[in-house]
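Before any comments, here is the structure.
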Amino acid sequence: MEREGESSGLAKSAAVKLSEMGQRTKQLGTAMKDPHQQRRIMLVIVCVALLLDNMLYMVIVPIIPDYLADLESEQSEHVHVVLHPNTSANSTSQDKSNKNNLDVQIGVLFASKAILQLLVNPLSGTFIDRVGYDIPLLIGLSVMFVSTCIFAIGENYATLFMARSLQGLGSAFADTSGIAMIADKYTEEPERSRALGIALAFISFGSLVAPPFGGILYEFAGKKVPFIVLACVCLADGVLLLTVIKPFSNRTRENMPVGTPIYRLMIDPYIAVVAGALTVCNIPLAFLEPTISNWMESTMHSTQWEMGLTWLPAFFPHVLGVYITVKLASKHPHLQWFYGALGMVIIGASSCTVPACKTFGQLIFPLCGICFGIALVDTALLPTLAFLVDVRHVSVYGSVYAIADISYSVAYAMGPIVAGQIVHNLGFVQLNLGMGLVNVLYAPALLLLRNVCQMKPSHSERDNLLEEAPQGLYDTIKMEERKGKKRGYNTAGNCLPVDENGFDPFKAQRSSEESSGPEYT
């Protein structure tokens, strides 16, 4: 009898636990269907994807040079033993030649990601405008997962080069679609700036934490472990994307309006100014990353751990810059251009002071200044790109953020290849003075954005025209339908009048269809 009582008690407790689990699952499912909860989970997915991409970009910095040097030494020793078993003549000149060749190989390997990303972005931006943001994000995560696995198992230069290039292909889809998805879901300026600021903080964290993360795991666990860890995180992020956003069951992309072609966005003077600023402000970071370690070793006699932790303290001023810019933008949104210009001046001044540093402690301050300035520029100008598309084009964000990704890729494609040549021919001091001067001279160009930031968005009547909460990109269609009903137009066609900024949706729709052919889903 006692055993029967115990078994019935266990059965009851198991039933209670199962019912509690069912209720929690139901609550989770309800939360997943809530648009606001979905938006937050989407932000987490995108931020993790951006974190992974930037960690993959920087994690190889302490790993690959040492790993390739070991491979090069093993191969040269084998060749020397086979060809010259009893002599060591000309070994010094041969070592010097091998080192120069290794430096070129490392520079090309580092730049290959940004070069391929630069080439693919115009195509990925157009693809994202056509099919939506979720499927390209899944494609990007899948390619990044494959490239990370190849990095883990690669044991020669050709395999590592292929993995690095594949990462650029994945980044062209994941980065562009992720940032565009944030701009689409967060439609109001304060919350859009806040969400993009969070994404930038994850980008900064991935870039600055990856070198010590990779160096420590490489030192104590081997080459494979850092990449296996990142591959697992990438896989988990992809599964979360499939579970929450369900890209293949989302049919709303069939109603997407036709976005402005990327070449039309490129010739927009305001977008061109923003893209130029994003390139110029990232040049100091892109050019210093491959050159500053050698300079520190030759001038400061820095240790390995100091060179490995060079950029880590700069993470905190970068996050501070993002926070300050988001707060200022919410109170004074018409001064976005000023925040960007101020950031470029700070970057220029900090870059000019780098060569004057004599110790590791002194060097931290200008590097922190560079990252603080980059945070001001990025946080101010990335939301401005979405704003420009809203007021001057169709509110589809794939192509405009592909242009932003192209701007970053230009700087980081040139950095590993061009910076070393400039240091070799002109010197490290001249490199920094040139980068600082370019940033300071470009800052006044952002004055062109002063009037744009005061324009009224073409979708500003949303609150009066829509009853439900804004859903981003698809508000364009809903707004057209409501305006058509309100003004007696046919809702089957375009019904937006020419707005106060001179934007004619009829003309934009016709020109987009003529230039890009029939729309498909």
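Quick notes on this structure:
- Rounded to the nearest 10 Å², the accessible area of His301 at probe 1.4 Å: 140
- Gly214 sits among other residues whose Cβ lies under 11 Å from its own Cβ, and their net charge, with Lys and Arg +1 and Asp and Glu -1, is -1.
- For segment 316-441: rounded, prolate or oblate by the Cα gyration tensor [a/c cutoff 1.5]: oblate
- Segment 131-282 - convex hull of alpha carbons, volume per residue in Å³: 153
- Global form of segment 395-447, assessed from the alpha-carbon gyration tensor, a/c cut-off 1.5: oblate
- The protection proxy used here, the mean number of other Cβ atoms lying within 10 Å of each residue, ranks peptides 377-388, 362-373, 417-428 as follows, highest first: 377-388, 362-373, 417-428.
The values are calculated or read from the model by the stated rules, or taken from the named source; none is laboratory data. Note that the coordinates shown come from a computational prediction; the quantities given were computed from them, not determined experimentally. So basically every Cβ, Gly included, is an ideal-geometry build from the backbone, and we count neighbours across all protein chains shown. For accessibility, only protein heavy atoms count, side chains too; no ligands or nucleic acids. Shrake-Rupley method; radii C 1.70, N 1.55, O 1.52, S 1.80 Å.
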